[in-house]
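Presented below is the structure to which this report refers.
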Amino acid sequence: MRFSLSNDELLATFTPVLVYWVYSGIFMILGDLNNYRLHTKAEEESKNIVSKTTVLKGVLLQQSIHITLSLLFYTITGSDKPTSPQQFSMVVFILQFFVAMVVLDTCQYFTHRLMHMNQFLYKHVHSQHHTLIVPYAFGALYNHPLEGLFSDAVAGAIAVAISGMSPRAATVFFSFTTIKTVDDHCGLWLPGNLLHLCFANNCAFHDIHHQLYGLKRNFSNPYFVTWDKLLGTYMPYKLEKREKGGYEARPIAYTKTE
């Protein structure tokens, strides 16, 4: 164990937090954008049962937990011995990135599903996140601290450890994961959004999960929908335009999961 961290380790710890507020801030600056919303502004105000002030406090608490655990992780796993600079390999980086995506998705799918299927965990832990029936960007990390610990922080540490990422690579990975997570909760189906084009796991997919009929469906996050499709928890949907502007994600057909 050591008591000082490298610049790369500090970047890996704090950069995703900065990215979270910059990216979610962009959505706040864009405003309501009623022609692209998955829910109307009136629905957001009437259906969500927690104030934005409470959400802000909850997210800041969550991020303080992430920062603390990240610093602890690098303190424990790091070394004081000087290391020679390694030549960057794009192939290795892409492979590590993909492995980390798969590992993170796997951890989050099964912990997320467990928190829905176990009544105690849902009532006392995960239900906090679902007080936002109509998700919005900066509420993406509004979770119970225990969920933030196991589903986010520990899952992230496992992804880094298994993929063998350096702190610098982890900075890129977690920054992109943060952008993806915020985008999945933004509630806006914006034209030309590359994340929507590249990933079936997007804000419409996740919006289905936040509705009452989708609580035990679409557990996957933040990247792929593979586990949902393999294990029968995928709820297909279609996007329909509303007469007064915006879109609505409607389920097509599904069977009940106990």
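The values are calculated or read from the model by the stated rules, or taken from the named source; none is laboratory data. The shown structure was predicted, so the numbers you read here are calculated from the model rather than taken from an experiment. Neighbour counts are summed over all protein chains in view; Cβ atoms, including those assigned to glycine, are modelled from backbone coordinates with ideal geometry. Ligands, DNA and RNA are excluded from the accessible area calculation, which covers all protein heavy atoms including side chains. Shrake-Rupley method; radii C 1.70, N 1.55, O 1.52, S 1.80 Å.
With contacts taken as Cα pairs under 8 Å and at least 6 residues apart, the chain reaches a relative contact order of 28 percent. Mean separation of Cα pairs under 8 Å and 6 or more residues apart, divided by the residue count, gives region 166-258 a relative contact order of 20 percent. The share of C-alpha pairs in the chain whose separation exceeds 29 Å stands at 31 percent. In region 36-173, Cα pairs under 8 Å separated by at least six residues give a relative contact order of 43 percent.
Entry note: region 108-193 has Rg to Rh equal to 1.01, where both radii use alpha-carbon atoms and Rh is the Kirkwood radius.
Each of D105, D32, D8 has its accessible area taken with a 1.4 Å probe; listed largest first, they run D32, D8, D105. Counting only other residues whose beta carbon sits under 10 Å from that of T233, what net charge do I get with K and R as +1, D and E as -1? Cβ neighbours under 10 Å give a net charge of +3. Kirkwood radius, region 164-223, all distinct C-alpha pairs, inverse of mean reciprocal distance: 12.5 Å. Taking the centroid of alpha carbons for each part, region 1-79 and region 191-244 are 21 Å apart.
Placing pseudo-labels 7 Å out from each Cα toward the beta carbon at M28 and F120 gives an inter-label distance of 3.8 nm. Computed from the alpha carbon positions, the gyration tensor of region 1-49 leads to an equivalent ellipsoid with semi-axes of 38, 13, 6 Å, biggest first. Taking the accessible area of the chain, probe 1.4 Å, and keeping the other protein chains in place, the carbon and sulfur fraction comes to 66%.
Within the assembled protein chains, the solvent-accessible surface assigned to K52 is about 90 Å², based on a 1.4 Å probe. Taking every Cα-Cα distance in region 30-159 and sorting them into 10 Å bins from zero, the calculated P(r) comes out as 11, 29, 32, 19, 8, 1 percent.
Heavy-atom accessible area with a 1.4 Å probe sorts I252, I158, largest first, into I252, I158.
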